[in-house]
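The structure appears below as structure tokens.
The values are calculated or read from the model by the stated rules, or taken from the named source; none is laboratory data. What you see is a predicted model, and the numbers here were worked out from it, not measured in a lab. All Cβ positions, glycine included, derive from the backbone under ideal geometry; neighbour counts span all protein chains shown. Areas reflect the complete protein model, heavy atoms only, side chains present, ligands, DNA and RNA absent. Shrake-Rupley method; radii C 1.70, N 1.55, O 1.52, S 1.80 Å.
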Amino acid sequence: MTDQEILAKIAEKFPAVVESKPAAGTLPAYSLTVEAPAASIAEVCAWLKSGGLKFDYLASLSGVDLKDKLQVVYHLYSLEMKHKLVLKVNLDRAVPELPSVSSVWQAANWHEREAYDMFGIKFTGHPYLERILTAEGFEGYPLLKDFIAKPDQYD
Amino acid sequence: MGLVLDKAPYILESFPGGSYVVTSMDWVINWSRKSSLWPLSFGLACCAIEWMADVGSRNDFDRFGVFPRPTPRQADLIFISGTLTKKMASRVRRLYEQMAEPRYVISMGSCSNTGGPFYDSYSVVKGVDKVLPVDVYIAGCPPRPEAVLLSILKLQEKIMTETISHKK
Amino acid sequence: MTKIFKYTWAILKGMGITLKYFFIKPVTVQYPKEKIKISPRWRGTLKQLKNEKGEEACDGCRICEKICPVNCISMEVYKDEKKNRRFTSSYTVNFGRCMFCGLCVEACPKKCLVHTTDFEFCTYERESLILTKDKILR
Amino acid sequence: MIYASQSLGDLWVWLLERLAEFCGWLGIPEVIRYSVEKGAYAIGLLVFISLTALVLIYMERKVSAHMQLRYGPMWTGGWHGWSQTIADMIKLLLKEDVIPDKADRWVHRVAPIVVFVPSLLGFLVIPFDKHLIGADLNVGILIIFGFSSIAVLSIFMGGWASNNKYTLLGGLRSAAQMISYELPLVLSVLGVIMTVGSLKMSDIVMAQKDVWFLFTPNFLGFIIYIIAGTAEVNRTPFDIPEAESELVSGYNTEYSGLKYGFFMLSEFTNTFIISAIAATFFMGGWNGPSWLPGIVSFLGKTYLIVFLLMWFRWTFPRFRVDRLMDFGWKFLLPLSFFNILMIAVWVLVKK
Amino acid sequence: MTETLKNTGFEEMTLNMGPQHPSTHGVLHLLLKMDGEVITEARPDIGYLHRGMEKLAEKRTWGANIALSDRWDYIASMSNNFAAVLGPEKLMNIAVPKRAEYIRIIMAELNRIASHLIFFGTYGIDIGAFTPFFYAFREREMILDLYESVCGARLTYNYFRIGGVSADLPEEFVPGVKAFIKYFRPKLKEYDTLLSTNPIFMDRTVGVGAISKEEAVDWALSGPNIRASGISFDIRKEDPYSVYSEFDFNIPTGKNGDCWDRYMVRMNEMSESARIIEQALEKLEPGDIMAKVAKVIRPPAGEIYTHVEAPKGELGVYCISDGSTMPYRYKVRGPSFVNLAILQKMLRGLKIADVVAVLGSIDIVLGEVDR
């Protein structure tokens, strides 16, 4: 399926999901990139997986700190139909919250925990949203651009 | 074995010529300790792979009597082989405390020497000597297996200078 | 029954391999006595070269200092008016932190900073891992 | 008169005769003579056991090393590092003895002794050579199996007293394993006993003067014995009580210093006993070419079995616990019953 | 304790496996709730090697990030180098010289063999056989010698550069690789006799920790783990990067997705890698090894997700550039991190002895899990 067909199919089902345009002065995106509203991300993902597009493989889920907003980026493949999609969700920096997709793809489970650990993005409905990588009692979210590490006895 | 190591030097040294006995005891004790350094089979990161290469046939730790033990109770030597993170620091400290005296620490590679490539990371301990007393440092990232063997020889030299005598 | 024979045969073959190796000469290189030939490209400790006049070739351009990802090189530079070039008054490499990535050697415009094949660098103190100019300039 | 070609056993008998003459001349009571005689044997045995353990540990390291294309201990002084084990032992002797805080202190202390003593006692009934046996009891083999069953108790004691989950699991596993493999072990030997018609060690050895039982239908018994014996001494592929990759170090995880040394020594002395029994029961004990002293022939056979066990250890992966039980109860035990049946028929036919 | 015993009749035991444990392959901590020896709940606790690589990447130049990438999956640094250079190269639209591409592929495939050899050796130890480890390391040392002759390091190569590779092959390299492959092929058969077909080994691994096709996709497994479940998913074929499309090689797959299948897929992959190396050696022609790239690398602003087939699976790098000398965001999708997540599901109902068999068969590297 070509990118345009995928885009048309998505737009037909979810009009709120639009193709994301790279900012001025940046290179064009290398693969089809769409943006979805945060609130409906779980439904969009569930449809992407079970609907006609069969995006059954969540390759990666990354948080990004864009200074004015936070972003969650999903890289999806379809192993069966051999196409891919980049799904982006913009979040408010003050209240970074969005529904979890760990019920759609099990793989999202640890990815979301990592994003929570690194960016403080809260995934509602996640079965076990705890810090995964940082030490016990760690304060702050290290991958935020304004994070400053506090020196302790080990530094 | 407190009797041999603590009391005996006191008693012996009060006799004429006792210090010779103590010196020869020193030699036997140090020889046995240096010849049978059992490290804890424990790896942290990249250096652990080179440490494994040391166990392997090409470099063969066992030639020096270095015989990895899985439990800290039976180990004399701990290699800090790799990056020590803050999350791991307390565990490594506990491992060290579980080891029976006499115990030695070898810091292997840049990460455990000073933090190495992660010197400005928020989660890495900047040198294992902030957590444990280190006997030998090996430079390298990771050090060659031969350098690890050399560190064992260096540690053996250091052990040979130990004494049970109270007259320092 | 055939299963038992098959299993036994497989086990015996496995034992045959270990026995075969029991009689083969070990591949061990007995390190302190015999040393393996190390590739000349081995990225060991750093060495500064001298130029043909016998003085240090480094002219203190500070590229190695800047490119080092772990900031383990530090130098002080002064300008010798007579010879109309710069010299380093101190050149320190902290091998406790060095990650032996070789970027400094690659970047050196004068090709006067090279890796040695020396890997035998163990010390009793952390401070002795820091090498100063007298050790590096050889 | 003794000649160089004669065996150690004959020398021992000759010495005993001289002693008896001497005592009779001095009028020393029989009891004291007997104690001196047995005491000398016991001391000799102790020396032998400690030497054996040292040699075996060294041998294990060398055998494993050469199978793995390396040299093993080389640096520790002496030819090919022969003094390695001595250094290990002195170091273990002088090492701090840690007793975990929450451990059952007394059981923790006693367990290494309990593990060592039975394996010492087992040596008493092993016939090293003609007449060279501590006590040629008419229940010889029963004594060994009786004592070796105590070992399981000590391992369980050690595992439980350390108050550590890994040691507990190791102890439990070892209890299950050793009890289930005791049966095929004893039953496999039963075939030999049926053929000979005696439990006495010297009788069993004498019965093999012409042909070793290894080359009779008892061959099946030998295989069962080797498998069950490997399990009995907790060696790979049956080393699940120690299972380094699963249970850290199994029942001895919390032991350090000398106590661990005892566990290690007992492992090797047990290995020796199991091999010695195999040599006695299936390979003709001290029977051998006439020019070879009996003890040399006996030790040679024993070390051959020891090598076999080591060979197993460094070739095979480890069984899983439940498969181990399955193998023991569902395969080995029926097989040993079949073996007994077969031997019974053979004995009847031979008569 | 007595009360629990009275009330329920049995007591659940919590067993902490790691961070120091001989067979957790580093500093993994497994929290196991057990009923006897059967596991009722398992929870991997990771982060004991979390070094903040992604944060550090934002403070390092693009070039220095390659050196840092050596430390993600320290067993297969060449593959990491590969992943680290692909992104900026694509952003800057650099055409890498042919010779460099072939050299890269030879390196990456040799690294796959080295990595799988470590897997083979340590998996043997996990199962209880020590000797295969030594044989595997003997072969691995030969690969490391070859690497050493090329880039001067044994583990952290830092060999790839944006636009090519850092140094040309020395003279003895090509014959060395040829000799190695000739030597290595019979050894693979020996491994099969020694371990793969050993009844005890098969008993331990066949049918243990099976992953179905659906589960494998749902948990987004990659590399040998997903292929063992019967899905022929390989980035080298799916989305050929570099010049992989020129090579003829098979993708070994399994059937049941159990430990033995995962093991066998890796063993078969080694011979496939050897095939690729042979083909690449034939195509290797003299030429440039570096494209013309500015000394200071400043990729234009933009973002890209590149992935390579690392020995452990899909190693993806999602990098965002803002046009400066350092990445704006550098996310590493470590295959081990994703593959490890399924462990909590797989372990339920297994025995403690199977934990090491399953964990070993997933083949994780903690450096990549925690990053």
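General observations
- GNM flexibility winner over chain A from A:LEU48, A:LEU133, A:LEU85 (Cα, springs under 10 Å): A:LEU133
- Shielded residues, the stretch B:95-118 - accessible-area loss of 40 Å² or more between chain alone and all protein chains, probe 1.4 Å: B:ALA100, B:GLU101, B:THR114, B:PRO117, B:PHE118
- Using alpha-carbon coordinates, inclination of helix C:2-22 to the longest axis of chain C, degrees: 40 degrees
- Rg(Cα) / (2.2 N^0.38 Å) computed for the stretch C:46-137, rounded to two decimals: 1.07
- Fraction of accessible area attributable to carbon and sulfur, chain D (%, probe 1.4 Å): 73 percent
- Loss of accessible area when B meets C, both sides summed, Å² nearest 100, probe 1.4 Å: 2600 Å²
- With R₀ fixed at 56 Å, the C-beta to C-beta distance from B:GLU162 to D:LEU183 puts the FRET efficiency at about 0.60.
- In this view, the solvent-accessible surface of B:SER112, computed with a 1.4 Å probe and all protein chains in place, comes to about 0 Å².
- Accessible surface of the stretch C:46-137, 1.4 Å probe, proportion on carbon and sulfur as whole %: 49 percent
- Spin-label pair E:ASN256-E:VAL206: with each label point 7 Å from Cα along the Cα-Cβ axis, the two points sit 0.7 nm from one another.
- Long-range amide H partners of B:ARG58 with built H, under 5 Å: none
- Threshold 50 Å², the stretch E:298-345 residues less accessible with all protein chains present than alone (1.4 Å probe): E:ALA301, E:GLU303, E:TYR305, E:TYR318, E:TYR328, E:ARG329, E:LYS331, E:PHE337
- Solvent exposure of the protein assembly as shown as accessible area per residue, Å², 1.4 Å probe: 37 Å²
- Portion, in percent, of the accessible area of the stretch A:3-98 that falls on carbon or sulfur, probe 1.4 Å: 56 percent
- Candidate membrane-span-like segments in chain D, meaning DSSP H helices with Cα atoms spread over at least 15 Å of their own axis and a Kyte-Doolittle mean of 1.0 or above, are D:84-94, D:105-122, D:140-161, D:165-196, D:219-232, D:257-282, D:294-313, D:333-350, with no membrane implied.
- Within the protein assembly as shown, helix-based [θ] at 222 nm, where runs of 4 or more DSSP H residues each add -39,500 (n - 2.57), nearest 500: -15000 deg cm²/dmol
- Note on chain D: Rg/Rh from Cα positions, Kirkwood definition for Rh, rounded to two decimals, is 0.99.
- For the chain pair E and D, the interface hides roughly 2700 square angstrom of accessible area in total, found with a 1.4 Å probe.
- Amide H to amide H distances under 5 Å link B:VAL105 with B:ILE78, B:ASP135, B:VAL136, where only residues 5 or more positions off or on other chains count and H is placed in the peptide plane.
- Cα-derived Rg over Rh, computed across the stretch A:3-98 with Rh taken as Kirkwood radius: 0.95
- Counting only DSSP beta bridges with both residues in the stretch A:7-155, the antiparallel share comes to about 75 percent.
- Under 17 Å from D:LYS200, Cα to Cα: lysines that are on another chain or at least 8 residues apart: D:LYS130, D:LYS209
- For the stretch C:25-44 and the stretch E:254-290, distance of Cα centres in Å: 29 Å
- Count Lys and Arg as plus one, Asp and Glu as minus one, and take only other residues whose Cβ is under 12 Å from that of C:THR92; the net charge is then -1.
- Taking a sphere under 15 Å around the Cβ of E:SER23 and counting the other residues whose Cβ falls inside, with K and R at +1 and D and E at -1, yields a net charge of -2.
- Helix E:131-151 vs. chain E, principal-axis angle (Cα, 0 to 90°, nearest 10): 20 degrees
- Kirkwood analysis of the stretch A:90-155, using all unique Cα-Cα pairs, places the hydrodynamic radius at 12.8 Å.
- Expressed as a fraction of 2.2 N^0.38 Å, the value expected for a compact globular protein of N residues, the C-alpha radius of gyration of chain B is 1.14.
- Inter-label distance, nm, simple model (7 Å from Cα along the C-beta direction), A:ARG93/E:LYS59: 2.1 nm
- q = 0.04, 0.06, 0.08 Å⁻¹, the protein assembly as shown: log10 I(q)/I(0) [Debye, one scatterer per Cα]: -0.25, -0.54, -0.92
- Shown is the FRET efficiency for D:LEU142 and D:VAL117, computed with R0 = 22 Å from the Cβ-Cβ distance and rounded to the nearest 0.05: 0.80.
- Taking 15 Å as the cut-off, the amide N atoms of the stretch A:80-106 that come nearer than this to a point 7 Å along the Cα-to-beta-carbon line of A:GLU43 belong to A:99-100.
- Over 28 Å between alpha carbons, listed pairs A:LYS54/E:LYS345; C:LYS6/D:LYS330; A:LYS84/E:LYS351; B:LYS87/B:LYS158; A:LYS150/E:LYS59; E:LYS187/E:LYS331: A:LYS84/E:LYS351; B:LYS87/B:LYS158; E:LYS187/E:LYS331
- Relative to one another, the C-alpha centroids of the stretch B:134-154 and the stretch A:59-75 are positioned 42 Å apart.
- Summed side-chain charge close to E:TYR305 - residues other than E:TYR305 whose Cβ falls under 13 Å, Lys, Arg +1, Asp, Glu -1: +3
- Taken one residue at a time, the phi angles of the stretch E:303-308 give Karplus couplings (6.51, -1.76, 1.60, θ = phi - 60°) of 9, 7, 10, 10, 9, 10 Hz. Gly and Pro are set to x.
- Remark: spin-label model distance A:GLU130-A:GLU5 equals 4.6 nm, labels positioned 7 Å along the Cα→Cβ axis.
- Based on alpha-carbon atoms, the Kirkwood radius and the radius of gyration of the stretch D:240-330 give Rg/Rh equal to 1.08.
- Estimated FRET transfer efficiency when R0 is 56 angstrom, pair D:ARG323-C:LYS110 (beta carbons, to 0.05): 0.25
- Across the alpha-carbon atoms of chain E, the computed radius of gyration and Dmax are 21.3, 79 angstrom.
- For the stretch E:97-119, the residues whose amide N sits under 12 Å from a probe point set 7 Å from the Cα of E:GLU285 along the beta carbon direction are E:98-99.
- Area buried, chain B against chain E - accessible surface, total, 1.4 angstrom probe, square angstrom: 3000 Å²
- Relative to the longest principal axis of the Cα atoms of chain B, the long axis of helix B:46-55 lies at roughly 50 degrees.
- GNM flexibility winner over chain C from C:PHE100, C:PHE22, C:PHE121 (Cα, springs under 10 Å): C:PHE22
- Drop in accessible area of at least 40 Å² in the complex versus isolated chain, residues of the stretch A:8-38, 1.4 Å probe: A:LEU27, A:TYR30
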